[in-house]
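Data block below; observations after.
The values are calculated or read from the model by the stated rules, or taken from the named source; none is laboratory data. What you see is a predicted model; the values in this text were computed from it and never measured. Reconstructed Cβ throughout: ideal geometry from the backbone, glycine too, with neighbour counts over all protein chains shown. Note: accessible area is taken over every heavy atom of the protein model, side chains too, but ligands, DNA and RNA are not part of it. Shrake-Rupley method; radii C 1.70, N 1.55, O 1.52, S 1.80 Å.
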Amino acid sequence: MTKGLLIRDGRLIDPSQKIDGIGSLLIRDGKIVWLALGELFPPGFDYDVLLVNGLIVSPGFIDFHCHLREPGFGTKETISTGGWAAAKGGFTTICCMPNTKPPLDNKRTIKYVKSKADKEKVVRVLPIGCVSVGRKGEALVDMKALAKAGVVGFSDDGDPVRTAKLMIAALTDSRELGLPVIDHCEDPVGGAPKGEEKIVARDIKLADKTGGWVHIAHVSTAGSVRLIREAKAKGIRVTAEVTPHHLTLTKEALKKSGTLAKVNPPLRTKRDVQALIQGLKEGVIDIIATDHAPHTLRDKQGDFASAASGISGFETALGSLMGLVHSGSLTINEMIACLTIKPAQILGKQLGSLAVGTAADITIFDPNKEWLVDVNQFVSKGKNTPLAGSIQKGKVVVTISAGEHFVWRGREKLEANFR
Ligand code: DOR
């Protein structure tokens, strides 16, 4: 029998089982095989011990929205660098958006992404397919074929689903497949924030009409939260996500960080931030997703209008979110639920839990560790973050992805220290 690893004396937090207490868990052959609160030990001695002394032991984080840039934009990020950056940030499952070159609108490109990720074996990578061929907003992709190839949703992210007609077709087909249409809500004509709310309102109406499932990506305004709240109260099939940056930063950040704070949707006002936090606590917004959007610093330079939009988010997500926990805006259980079991439920997969028998995807973090955001230490190629130079409180110490364990001074596996 393979040797196991006992993670001992951690604060186990698993909202899926309503667990929060000091205890230990044993992993073996990529699975969680035993868990107990208190001072119990598993039977037998065929395991190494990782003593974590009160650090938080959570199910591995799941990110429903990120950009890995491959194929096509390997100077910004690759599936390899993005995967390692995700693991460093505590993520063990990540869903990558299809605005690549070529875009993920066909089986072949989706298979390419999957096989590259499988070869790398860092984290679980689940691709999202395009809604429209070439992301052009015209013809619908062959949704059935893409679902067969393994996509977990459909999106023209970076742009909204362009027309109501296309949205109706997408929602109708995706309903049959049980997968969400993930919309980037932005109407360039309406102007922000009204432009966002106009498309959120359209999508809700069409989800109601078709019975399809719309997922609103990166919600950023108080008005959108209100629309989603009303829709959920009516039983319309809508889910939603919010990013760490929209939960923690306002447009004030633009003064200090310039284009590094340029992101789409843009950072909003304090009032919006408060509404987003309230929406998350109420469950109106279901999950937290990073929208990790790496760019070269060159692409972020130049005048504001032409600079690329996006924030490299994997490696600062936990630090940002723990800021909300330390200030009392979110409880640690709320934060973890929005990063684990709730995205797992949206994916419809048996993930995001420390339940015995499930995959040994585990994130161990120190909630009080203070650290300086030094982008030169980022594993991601994307050094683009307005948090550069800031102090964060809360850091991932170990990420275990399907039973493999990684430590984050460099890329070496912890294994060497235990065997
Ligand atoms: O800021 C953004 N960057 N928002 C998006 O929707 C797309 C993303 C990207 O791909 O860079």
Checklist entry - What do you get when you divide the Cα radius of gyration of segment 173-294 by 2.2 N^0.38 Å, with N the number of residues? => result 1.04
Checklist outcome for this item: Applying the span-like rule to the chain (DSSP H, Cα extent along axis at least 15 Å, Kyte-Doolittle mean at least -0.5) gives 164-177, 222-233
Checklist entry - Which value, in Å², gives the accessible area per residue of the chain when a 1.4 Å probe is used on the protein heavy atoms? => result 40 Å²
Item to check | Per-peptide average of other Cβ atoms within 10 Å, ordering 392-404, 30-42 highest first | outcome: 392-404, 30-42
Item to check | Filter on Lys114/Lys342; Lys232/Lys342; Lys262/Lys369; Lys18/Lys281 - keep pairs with C-alpha separation over 25 Å | outcome: Lys262/Lys369
Checklist entry - At q = 0.15, 0.22, 0.28, 0.31 Å⁻¹, what is the log10 ratio I(q)/I(0) for segment 126-170, with the Debye formula run over Cα points and no solvent? => result -0.31, -0.66, -1.01, -1.17
Checklist entry - For segment 1-100, what value does the Rg/Rh ratio take when both radii are computed over Cα atoms and Rh is the Kirkwood radius, given to two decimals? => result 1.11
Checklist outcome for this item: Expected sort for 281-290, 201-210, 135-144 on mean C-beta neighbours within 10 Å, highest first, is 281-290, 201-210, 135-144
Next on the checklist: Tell me the net charge near Glu241. Cut-off is 9 Å between Cβ atoms, Glu241 excluded, with +1 for each Lys or Arg and -1 for each Asp or Glu.
Outcome noted: -2
Checklist entry - In nm², what is the average projected area of the convex hull enclosing the Cα atoms of the chain? => result 18.9 nm²
Checklist entry - Rounded if a/c is under 1.5, else prolate if a/b beats b/c, else oblate: with a ≥ b ≥ c from the C-alpha gyration tensor eigenvalues square-rooted, which is segment 112-210? => result prolate
Item to check | Value at 222 nm in deg cm²/dmol, rounded to 500, when DSSP H runs of n ≥ 4 in the chain each add -39,500 (n - 2.57) | outcome: -9000 deg cm²/dmol
Checklist entry - All other residues with a Cβ under 15 Å from the Cβ of Ser353 taken together, and with Lys, Arg as +1 and Asp, Glu as -1, what is their net charge? => result +2
Checklist entry - Quick one: which of 211-218, 113-120 comes out on top by average Cβ neighbours within 10 Å, and what's the full order, highest first? => result 211-218, 113-120
Checklist outcome for this item: With the 8 Å Cα cutoff and a minimum separation of six or more residues, the chain has a relative contact order in percent of 19 percent
